[in-house]
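Below you'll find the structure, written out as structure tokens, and then a few comments.
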4 protein chains.
Amino acid sequence: MPQLAENRYGKSRVRLVRVNRQAAIHEFEEWSIEVLLRGDFLSCFAEGDNSKILPTDTMKNTVYFLARKSSATCIEEFSKELIEYLLTHNPQISAAEVKIEEKSWQHLNTEGKSHPTTFVQAGSEVQTTRIIRKRGEDFQIESGLSDLVLMKTAGSAFEGYVHDPLTTLPEAKDRLFGTSLRASWTYLSNKLPFTAVRNSIRESLLTAFASHQSKSVQHTLYAMAECALAAAPQISEITLTMPNKHCLLVDLSRFGQDNPNHIFVPIDDPHGTIEARVCRGN
Amino acid sequence: MPQLAENRYGKSRVRLVRVNRQAAIHEFEEWSIEVLLRGDFLSCFAEGDNSKILPTDTMKNTVYFLARKSSATCIEEFSKELIEYLLTHNPQISAAEVKIEEKSWQHLNTEGKSHPTTFVQAGSEVQTTRIIRKRGEDFQIESGLSDLVLMKTAGSAFEGYVHDPLTTLPEAKDRLFGTSLRASWTYLSNKLPFTAVRNSIRESLLTAFASHQSKSVQHTLYAMAECALAAAPQISEITLTMPNKHCLLVDLSRFGQDNPNHIFVPIDDPHGTIEARVCRGN
Amino acid sequence: MPQLAENRYGKSRVRLVRVNRQAAIHEFEEWSIEVLLRGDFLSCFAEGDNSKILPTDTMKNTVYFLARKSSATCIEEFSKELIEYLLTHNPQISAAEVKIEEKSWQHLNTEGKSHPTTFVQAGSEVQTTRIIRKRGEDFQIESGLSDLVLMKTAGSAFEGYVHDPLTTLPEAKDRLFGTSLRASWTYLSNKLPFTAVRNSIRESLLTAFASHQSKSVQHTLYAMAECALAAAPQISEITLTMPNKHCLLVDLSRFGQDNPNHIFVPIDDPHGTIEARVCRGN
Amino acid sequence: MPQLAENRYGKSRVRLVRVNRQAAIHEFEEWSIEVLLRGDFLSCFAEGDNSKILPTDTMKNTVYFLARKSSATCIEEFSKELIEYLLTHNPQISAAEVKIEEKSWQHLNTEGKSHPTTFVQAGSEVQTTRIIRKRGEDFQIESGLSDLVLMKTAGSAFEGYVHDPLTTLPEAKDRLFGTSLRASWTYLSNKLPFTAVRNSIRESLLTAFASHQSKSVQHTLYAMAECALAAAPQISEITLTMPNKHCLLVDLSRFGQDNPNHIFVPIDDPHGTIEARVCRGN
């Protein structure tokens, strides 16, 4: 007999726009929400007994119903409300998980000032959260950001690495360093000014990236993590994923030209992948 | 016998990064370039005679070779240089066309100021140009922008339209109006301060979008075109494509809730498409 | 005064699944439909007068309403029905255009036979049509296919091309030839067994691609066009777009290895673009 | 002091085409490879000491170097060779991980037979493997497939689920059931005829999907897992992820029409997500 070792189900990509037009300066938020439930659903899987199944369509409705009533001012607070509702109303589930991605919308600048009711989508960057609660336990909150595309044109080297018979990469004292940053961090508490802490972490990551004298992607990643942990005592650890989005120096010597770090080819495939989780030490 | 009615060939998605590190404040540009050539290539098609074919690989090399030498300060000027080179060195071709898309990279703001050597990709917007020159004729220049994602949360209505037996759309005095703007315009001259004119057109389009009391997408599109033509006497016409990226008001009455333009579902499929070309009148 | 030189508007990406379960062997079709209308809409653009505007939402409803009643057996016939309906019910429009893309769904093969009610999406290939009718004129029908990804591992060379100081491409007697085929053709009549003609054209294109001794992409493209025109007397011309999706031979001599056309790197950027329109001659 | 809790780095999306032209019937394979290494790299992260870093560029070279020499006939065998090479030549690493995705290329059928040297890309489905080896331990092999897009037009119901005040989904005795299947399974041994086992699992999944009288996605998922475990005694467990790619029945009653499961709207957002891991029981 097969055994159902693990299962989860839910609704993905529930898209939500929330507009606040109470004040003269409007607010506009766009979220994509995923809800996942766990529980003892063996009879559903093995026998087709749906009596414990909350349809994923109802999860979607629940998102909109709660959004209307919610006073949450950030994705973390709304996730907690949604989880609370699901656990309270569905005794058959043992755990609920909510992930939210928020797109970057900003007030449009035009004629030298910020327009109160017009917005522009400002980059591919998204703010993220992933919150899980098992029945009878506390929230586990992991927030972050992703798709923040960055480039350093100075202060980046890569030298002194392993050379073996298959090495063809030239050492570089001064190279371009581009990445698409993904970060996630774990909060020490469930009641925090999440947006303020997020802003502080984000700013510390960017400042460290910009100012670091980089000897490798790893070296800069660690400096960024160190900075974020110092800036935000509310978090216990941070994980950074920094693909190395290569810009290759074009070999122009074939055409009798030099190329003093002037002309590059950006490539998508392949790319380096560097990832680390850094904890607060003792 | 079949007849070769039209043909063109070339290289697409030649990617180029140009870095200028002469001054303390670096410059970083990322372009994607397409080169297309036309000519009497019947013997190539019909007989496999390649003696007149400039390989597309060589076109790619030409892009990098010229980029190293070029003093062009914008995509229009570089396109012209590239076309000139191709027409001069390839007597067998009758016309050359170059398209360039430039990504939006900006200096990163951190610690309250712009960092001189760190950049962030600022949105999906691209600046575009498409230039064609037939041998013996002048350049035809069409520039533009695309993927500029905008949203109005006020000043947008849609009422008084045709009602027929298949109409289900409710009239709206006050709706969200989102779009992903594509614009292209035709210059009256080939020697212009292209970047300054581009900036002036872009700003006029944004200002008109933000301030317009919109009765329809068409109505706002036309106001934007009018504004751009007034702001930039250097152009003869402008074409705007403005998909209506719908945000649907969620029907919460099923759950006993009102929804005073607060909670919406953004959808990708289907979307409205509104397009017009507006010329300078007499 | 600005002048409205051209305008069109409509609904894009109206997605439709049509299931026929009349017989034991079901039919399953998935279409994406675009509707575009033209007319004298100046008052709408210039004054915000919507009295002549058929909402794009109603166009979407019209698609579903007609799909329910339609006995069309192919995308061309359904497009014609939709255009007829729109022109008949909307005297204010001067022309209607419909484009449809059909995805490739096939009955699933399992246990050695075709399953009557289970389907698998078979590749990225789509079948296309684009039909325009101006009021008082006849239908103009252009059908085609796109995203048909093909590869030849034999019978492809590229030699004897122009060599200039920027040439670095080695001549190749025997190379890989990959493409993502797009084709479109124009019918000589509006009443045809469209599906049968389409199948005949598609088969002739594939047979020619497979069997051709290719001296260049252009050479093979022309042979394919010639074959299609011979196979389908119902069409007047065919346009083929064949990007050269490069697979680059890896230089393994750096590691003391030969590479007799064995190990390649497929690349997406850049790619060659070869396009031609071939007509039936006299 | 921060602590480096975990780290891994490597190269992603190393693309490889392998052509075998030894026999009259050619073979064509396209793989995308990811290599990830783990080890004690603290000095690299904390101090910028690169002396233990094998550059990701060298990992890419290693892929091509080994591919030339390899006699591996499947992605599992090649992954094992690559891991062996990396562990043997890099004493500083503690574990190596390789993931490979293989695209679906098939010989083209034309003129009623399979062409020996022409291939067509047959769908979005990819075959996958992910193999990890810690130094001193054995290979852990997980293989699978993903992006296999399927549809049932009969034999699918969803009834008897939880109804709460937010329920709006109508019960369905007979609905469409579409999914994009992802599967992964764990082998009990490292030396197996991987391709034969894979084919047997894939066929059993498809047969179960097609023939199942489905009471829910969960119900069918479990039946498929059961079938795969029965068909392949070489695996210990299987994880299936089956998004519910909804096709919504269009409400045509607004237009006075019925809609007996004939006209649907396929939607991408949101979608259900159903996932389970099923083990071989005792």
In segment A:184-227, what count of residues is obtained for those that are over 15 Å from the mean Cα position of the chain (by Cα) and closer than 30 Å to A:TYR161 by Cα? 21
If D:VAL197 meets every condition in (1) surrounded by fewer than 18 Cβ atoms within 10 Å (Cβ to Cβ); (2) more than 18 Å from D:ARG277 (Cα to Cα) apart from one, which number is that one? (1)
If C:ALA230 meets every condition in (1) within 19 Å of B:ALA46 (Cα to Cα); (2) touching a Gly at 6+ places or on another chain (Cβ under 9 Å) apart from one, which number is that one? (2)
Looking only at segment D:247-275, and only at residues there that are within 24 Å of the chain's Cα centre (by Cα) and aliphatic (A, V, I, L, M), the one that is nearest to the other protein chains (Cβ to nearest Cβ): D:ILE274
Restricting to segment A:1-48, and then to whatever is without any contact (Cβ under 8 Å) to a residue 40 or more places away in the chain, assigned to a strand (DSSP E or B) and more than 7 Å from chain D (Cβ to nearest Cβ), can you tell me which residue is surrounded by the fewest Cβ atoms within 10 Å (Cβ to Cβ)? A:ASN20
Identify the single condition in (1) touching a Cys at 6+ places or on another chain (Cβ under 9 Å); (2) farther than 25 Å from A:PRO193 by Cα that A:ALA210 does not satisfy, given that it satisfies every other one. (1)
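Quick grid of which residues meet (1) surrounded by fewer than 19 Cβ atoms within 10 Å (Cβ to Cβ); (2) part of a helix (DSSP H, G or I):
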{"site": "A:LEU221", "(1), (2)": "no, yes"}
{"site": "A:MET224", "(1), (2)": "no, yes"}
{"site": "A:ALA228", "(1), (2)": "no, yes"}
{"site": "A:GLU237", "(1), (2)": "no, no"}
{"site": "A:LEU248", "(1), (2)": "yes, no"}
{"site": "A:PHE264", "(1), (2)": "no, no"}
Can you tell which of C:LYS245, C:LYS173 is assigned by TED's automatic domain parsing to the domain that holds C:HIS271, under 25 Å from C:HIS262 (Cα atoms) and free of Cβ contacts under 8 Å to residues at least 24 places away in the same chain? C:LYS173
Of the residues in segment B:228-246 that are over 15 Å from the mean Cα position of the chain (by Cα) and under 24 Å from B:ASP268 (Cα atoms), the one that is farthest from the other protein chains (Cβ to nearest Cβ) is B:LYS245
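Here's the yes/no breakdown for (1) aliphatic (A, V, I, L, M); (2) within 12 Å of B:TYR222 (Cα to Cα):
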{"residue": "B:SER236", "(1), (2)": "no, no"}
{"residue": "B:MET242", "(1), (2)": "yes, yes"}
{"residue": "B:LYS245", "(1), (2)": "no, no"}
{"residue": "B:VAL250", "(1), (2)": "yes, no"}
{"residue": "B:SER253", "(1), (2)": "no, no"}
{"residue": "B:GLN257", "(1), (2)": "no, no"}
{"residue": "B:PHE264", "(1), (2)": "no, no"}
{"residue": "B:ASP268", "(1), (2)": "no, no"}
{"residue": "B:ALA276", "(1), (2)": "yes, yes"}
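If you scan segment C:169-189, which residues turn out to be of a type in the set (S, T, N, Q) and open to solvent by less than 30 Å² (accessible area, probe 1.4 Å)?
Of everything in segment C:169-189, those that are of a type in the set (S, T, N, Q) and open to solvent by less than 30 Å² (accessible area, probe 1.4 Å) turn out to be C:THR179, C:SER180.
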For B:LEU205, are the conditions met, namely being within 12 Å of another protein chain (Cβ to nearest Cβ), touching a residue at least 60 places away in the same chain (Cβ under 8 Å) and not β-branched (Val, Ile, Thr)? no
Hits in segment A:49-64 - residues which are open to solvent by 10 Å² or more (accessible area, probe 1.4 Å) and not acidic (Asp, Glu): A:SER51, A:LYS52, A:THR56, A:LYS60, A:TYR64
Tally time: how many residues in segment B:207-217 are touching an Asp or Glu at 6+ places or on another chain (Cβ under 9 Å) and part of a helix (DSSP H, G or I)? 4
Can you say whether D:GLY155 is closer than 27 Å to D:ASP269 by Cβ and not assigned by TED's automatic domain parsing to the domain that holds D:PRO266, as far as the supplied structure shows? no
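The values are calculated or read from the model by the stated rules, or taken from the named source; none is laboratory data. Nothing here was measured: the structure is a model prediction, and the numbers come from that model. All Cβ positions, glycine included, derive from the backbone under ideal geometry; neighbour counts span all protein chains shown. Just the protein is used for accessible areas: all its heavy atoms, side chains included, with ligands, DNA and RNA removed. Shrake-Rupley method; radii C 1.70, N 1.55, O 1.52, S 1.80 Å.
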